[in-house]
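Just so it is clear, none of the values below were taken in a lab; they were calculated from the coordinates. In this text, all values refer to a predicted model and were calculated from it rather than measured experimentally. For neighbour counting, all protein chains shown are included, and Cβ atoms are generated from backbone atoms with ideal geometry for every residue, glycine included.
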Amino acid sequence: MIEIDGSFGEGGGALLRVSTALSALTGNAFAISNIRSSRPKPGLMPQHLNAALALAQLSNAEVTGLELGSTQMTFTPDQISGGKLEVDVKTAGSITLILQALIIPSLFADQRVEINIKGGTDVRWAPPVDYLEHVTLPVLNSMGAAVDLEVLQRGYYPRGGGMVRALIEPVEKLKPLRLHDLEVDVIRGISHATKLPPHVAIRQAQAAEKKIHSAGYEAEIEIKSDDNNALGPGSGLVLWSEFKNKSTPRVGASSRGEVGKRAEIVGRQAAEEILSWLSKGAALDKYMGDQIIPYMALTGSSSVRISELTQHTLTNIYAAEKFTDKKFQVDGGLGEVTTITV
């Protein structure tokens, strides 16, 4: 049984999710201790618990220690089976973080996997759902993955209630990646505001466009301000780069609305973040840099250049090397533009 130290590196929920996903995929059982030991509230929180539960269902796994607050868990998977999964976080826990974990083994199920998941679509410390749809999935699709996402309802902190449906088609194998240099001819985006005045989404977009135009780039931002089905109010802006309609490479950025935070600040923050990635010239931003690691381990012979090396990336490499026979080469230091090869 593979032993994982949950306090390694970044020491958060990502190590648990990636390890469980790769365990489900490879069939290698593992035991993890010190789960989120450095966090103010150590152990499994609702979103981590639900991710593990869903992965257990997907892989018909036997699990111990699967309860709120648990700091250790064993996971012994069986065969991956497709079909429909229903996941309800029952809080504003991140939908995207759970989906990130579920997509990895679902790509290799015996049939299509449909995931209906309730929780937070646009919450702190997690990629917004629009980032997953417009940055993460195009990169995965370029590797041969077929993943479709439908946002049925947004869910903001603290009430959650967002609903997303993901359809994942099985593949025999994924294509290697060769993504180094970033090319950009337009920055696109989605500015959304729910149960708030329509001008909030408009002002977010206008502030971002002004900043982007001043840097010499074109901007096309879609306004969404008519979804009143969410449980509570919220807003946000997600931006991503495109080049001549190619799906990759691309970088993304986002900012969330908060009580007392002007819409113009939301717009400027997202614009400043994506402009910082563009200035680095690397094919992927730092968030995609850690998300892509498990997929690189599954293909072999891949190489990517990322805008910034983070502890999240190094932590995911630790997990990927534990569950596969692949070894990663990292040419760069923390906080630097880095090339990663496997």
Completion exercise
Selection from the range 7-20 of residues within 25 Å of Gln79 (Cα to Cα) and touching a Leu at 6+ places or on another chain (Cβ under 6 Å) yields Thr20
Exercise for the section: Can you give me the number of residues within the range 182-210 that are of a type in the set (Gly, Ala, Ser) and more than 14 Å from Leu275 (Cβ to Cβ)? Expected result: 4
Practice task
Specify which of the listed residues (Thr96, Thr71) is in contact (Cβ under 8 Å) with a residue 24 or more places away in the chain, crowded, with 17+ Cβ neighbours inside 10 Å, among the hydroxyl-bearing types (Ser, Thr, Tyr) and out of contact with any Cys (no Cβ under 9 Å at 6 or more places or on another chain).
Solution key: Thr96
Exercise for the section: Please enumerate the residues belonging to the range 16-49 that are in contact with a strand residue (DSSP E or B) (Cβ under 7 Å, 6 or more places away or on another chain), buried (at least 22 other Cβ atoms within 10 Å of the Cβ) and not small (Gly, Ala, Ser). Expected result: Leu16, Thr20, Ile32, Ile35, Gln47
Completion exercise
Residue count, the range 310-334, condition surrounded by 23 or more Cβ atoms within 10 Å (Cβ to Cβ) and outside any helix (DSSP H, G or I), comes to 0
Problem - Answer residue from the range 167-181, given it is of a type outside the set (A, V, I, L, M) and under 19 Å from Met288 (Cβ atoms) and is surrounded by the fewest Cβ atoms within 10 Å (Cβ to Cβ) among those - result: Asp181
